[in-house]
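Novice: Here's a structure for you.
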Amino acid sequence: MVSEVIWRDLGACRGLDPEVFFPETDDEADVAKNICDGCDVRVACLEHALASREKVGVWGGTTERERRRIVRQRRRTA
């Protein structure tokens, strides 16, 4: 897995306005999710968000609601 320092430096979001990744609603998250879709470190970002229990923002192309769903699915299969 790519170390945290490296993946943050390689993210498609680097240099962009952070506000894009902290939308008010899930519907407004599409812009950020589209940026994440083309990102080479999307998986590392998502895994960081899951491990850190990030509660807000778009991380690894997922919203808070989507990350909660992933956590529940992983618990069921563990």
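Novice: Which one of these does residue 15 not meet: (1) in contact with a Gly (Cβ under 9 Å, 6 or more places away or on another chain); (2) in a loop (DSSP other than H, G, I, E, B); (3) not aliphatic (A, V, I, L, M)?
Specialist: Unmet for residue 15, out of (1) in contact with a Gly (Cβ under 9 Å, 6 or more places away or on another chain); (2) in a loop (DSSP other than H, G, I, E, B); (3) not aliphatic (A, V, I, L, M): (1).
Novice: Cβ-Cβ below 8 Å, separation at least six or inter-chain, first residue in the range 24-40 and within 11 Å of residue 12 (Cα to Cα), second charged (D, E, K, R): which pairs?
Specialist: Short answer, once both residue conditions are applied: 36/42.
Novice: What are the residues in the range 31-47 that are in contact with a helix residue (DSSP H, G or I) (Cβ under 8 Å, 6 or more places away or on another chain) and either closer than 15 Å to residue 64 by Cα or in a helix (DSSP H, G or I) (or both), if any?
Specialist: 31, 32, 35, 36, 42, 44, 45, 46
Rule-based calculations on the coordinates, nothing more; no lab input. Since the structure is predicted, the reported quantities are computational estimates derived from the model, not experimental observations. Cβ atoms come from the backbone with ideal geometry, glycine included; neighbour counts cover every protein chain shown.
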